[in-house]
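> Got a structure for you, questions after.
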Amino acid sequence: MSDKSARPGQPARARSWPRLALVLTAAGSLVVGTMIAFTPNASAGTTLGASAAEKGRYFGTAVAANKLSDSTYVGILNREFNSVTAENEMKWDATEPSQNQFNYANADRIVNSARANGQQVRGHALAWHSQQPGWAQNMSGTALRNAMLNHVTQVATYYRGKISAWDVVNEAFADGGGGGRRDSNLQRTGNDWIEAAFRAARAADPGAKLCYNDYNTDGQNAKSNAVYAMVQDFRSRGVPIDCVGFQSHFNAQSPVPNDYQANLQRFANLGVDVQITELDIEGSGTTQANNFGRVVQACLAVTRCTGITVWGIRDTDSWRASGTPLLFDGSGNKKAAYTSTLNALNSGGNPITTPPTPPTTTTPPPPTTTPPPTTTPPPGGAGCSASVSLNSWTGGFVATIRVTAGSSGTNGWTVTATLPAGATVTNTWSATASGNSGSVQFRNVSYNGRLTAGQTTEFGFQGTGSATGMTPSCTAS
């Protein structure tokens, strides 16, 4: 996630997007309204990481460098987790803000903290269509391909020996029924760009596991089938791929299909590890607790499911904070979901369930994407224009805004976006935001303010509520 940190994108995820509410037993059958009890074994661990380690797995979390000064946050991090993923600090825009000028300061803070506390580190993510620095967004073709490969090589080489697994490529497949590749500047460099990225990563860091990571692939569908076919092809041709990451962002509005565990297993059968990489489940109480327990039990039932990462520590740290999707509340207290997760990790066998209620199967609509309107740079010698593309779901959205310079170019720009009532900005990348609701101003950052005539750059933000109808405006300086 991405932190959508996008997630999406992705940002931030970006990233990574809200998806599904898991209602599975370990055998993959759907259970509605059933309370699950787990029986811990005699050597039960007392923390998430210790309990996962007893089963030969890791239990990790996404970490933000700016929260490492929060004593409550760090206390939970170092007590409970034995694996760490940088939320945004290892993405392209963070590590290479200017071409061939690398900045690892914030990523190093996370890596050094983890290593000092005996935690492994997952690298996220080397190549992604989102959260690219402005200079890369404005490249294409061979120049972009070479820049991407250089980025993969430099970052993976810098962290060689310190990373257990890399998300080499993130979110390269499109949503919907087509099962094809996502249209992106990287995809337009040639269909072999993913393979090229994996080969570069292997050469740079031979000891790290190399993963492909995506969302909406938690069950068998057109998108996961396309990823499956790619992995199968890579394995048959010796392309270095070791693992597949399933983001597993769940919510009640988009329930996961009943083949979650079976889907993990079919990928494992290709000879790769599978990992749950960005787990969060919106909800509360018993329902949320049961769903976390079932996710853990599904992973434990698949021998090659090597670990689970939750996308944040406390609910207030989440990119989906309004959905309270994590294991600790905003004050750092353990929730019922924490207890269910720990019990599932300590379980000596299959979950004990009451008889299931026959399920009602529904297929949720895919997230809607609004293409950016066609805009013309303003006439005259100055100015800039802005257009927006929305990726929306129930309760949230990611907005990608394209800034186009007028005939005199820009030394800097400010985009004003008036959000509908109830919408709130929760995360911004490649720009600096003033305010988080109503009329919000986004200003360029150091690397994307200067644009020549007709040149474009993109930034993005994630929010709760709905941004439908939002029309951004741009002012150049």
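The values are calculated or read from the model by the stated rules, or taken from the named source; none is laboratory data. Model, not experiment: these values are computed from the prediction. Counting neighbours? That spans all protein chains shown, and the Cβs are built from the backbone with ideal geometry, glycine included. Protein only, heavy atoms only, side chains kept; ligands, DNA and RNA dropped before computing areas. Shrake-Rupley method; radii C 1.70, N 1.55, O 1.52, S 1.80 Å.
> Asp315: net charge of surrounding residues, Cβ under 13 Å, Lys/Arg +1, Asp/Glu -1, itself excluded?
Charge balance in the 13 Å sphere: 0.
> Report, to the nearest whole %, how much of the accessible area of segment 384-476 belongs to carbon and sulfur atoms, 1.4 Å probe, protein only.
Answer for segment 384-476: carbon and sulfur cover 44 percent of the accessible area.
> Quick check on packing: order 283-293, 188-198, 87-97 by the mean number of other C-beta atoms within 10 Å, highest mean leading.
Averaged packing, sorted descending, gives the order 87-97, 283-293, 188-198.
> Ignoring any ligand, DNA or RNA, what whole percent of the accessible area of segment 200-270 comes from carbon and sulfur when the probe is 1.4 angstrom? Intermediate results must be reported in sequence, preceding the final value.
Working: 1040 of 2220 Å².
That share works out to 47 percent.
> Which of the peptides 301-311, 173-183, 122-132 is most tightly packed, and how do the rest follow, judged by the mean count of other Cβ atoms within 10 Å per residue?
Listed from highest to lowest mean packing, they are 122-132, 301-311, 173-183.
> Here is a follow-up. Can you list the HN-Hα couplings for segment 193-210, worked out from phi with the Karplus curve (6.51, -1.76, 1.60; θ = phi - 60°), rounded to whole Hz and with x for Gly and Pro?
These are the phi-based 3J(HN,Hα) values: 5, 5, 4, 4, 5, 5, 5, 5, 5, 4, 5, 7, 9, x, x, 8, 6, 10 Hz.
> Now, a different point. HN-Hα J couplings of segment 145-160 from phi, Karplus 6.51/-1.76/1.60, θ = phi - 60°, integer Hz, Gly and Pro as x?
Each residue's phi maps through the Karplus curve to give 4, 5, 5, 5, 5, 5, 4, 4, 5, 5, 5, 5, 5, 4, 9, 3 Hz.
> Find the all-direction average of the projected area of the Cα convex hull for segment 183-241, expressing the result in square nanometres with one decimal place. Provide the component values of the computation, followed by the final result.
Values: hull surface 18.6 nm².
Across all orientations, segment 183-241 yields a mean hull projection of 4.7 nm².
> Provide Rg over Rh for segment 384-476; use the alpha carbon set for both Rg and the Kirkwood Rh (inverse mean inverse pair distance).
On the way: Rg = 12.6 Å, Rh = 13.0 Å.
Value, to two decimals: 0.97.
> Let me ask another. Strictly over 23 Å apart at the Cα level, which of Lys162/Lys334; Lys55/Lys223; Lys91/Lys335; Lys91/Lys209 would you flag in this model?
In this structure, Lys162/Lys334; Lys55/Lys223; Lys91/Lys335 exceed 23 Å between Cα atoms.
> Thr85's amide H: which non-local residues (gap 5+, or another chain) put their own amide H closer than 5 Å, with H modeled 1.01 Å from N in plane and none for Pro or chain starts?
So Thr85 has HN proximity to Thr61, Ala62, Val63, Arg122.
> Quick check: Cα centre of segment 427-470 to Cα centre of segment 221-297, how many Å?
What the calculation gives is 32 Å, centre to centre.
> Whole-Hz Karplus ³J(HN,Hα) for segment 121-135, in order, using 6.51 cos²θ - 1.76 cosθ + 1.60 and θ = phi - 60°, x for Gly and Pro?
Rounded to whole hertz, the list is 10, 8, x, 9, 9, 7, 9, 7, 6, 9, 6, 8, x, x, 5.
> Take the alpha carbon atoms of segment 87-142, find their center, do the same for segment 50-86, and report the distance between the two centers in whole angstrom.
Comparing the Cα centres of segment 87-142 and segment 50-86, I get a distance of 19 Å.
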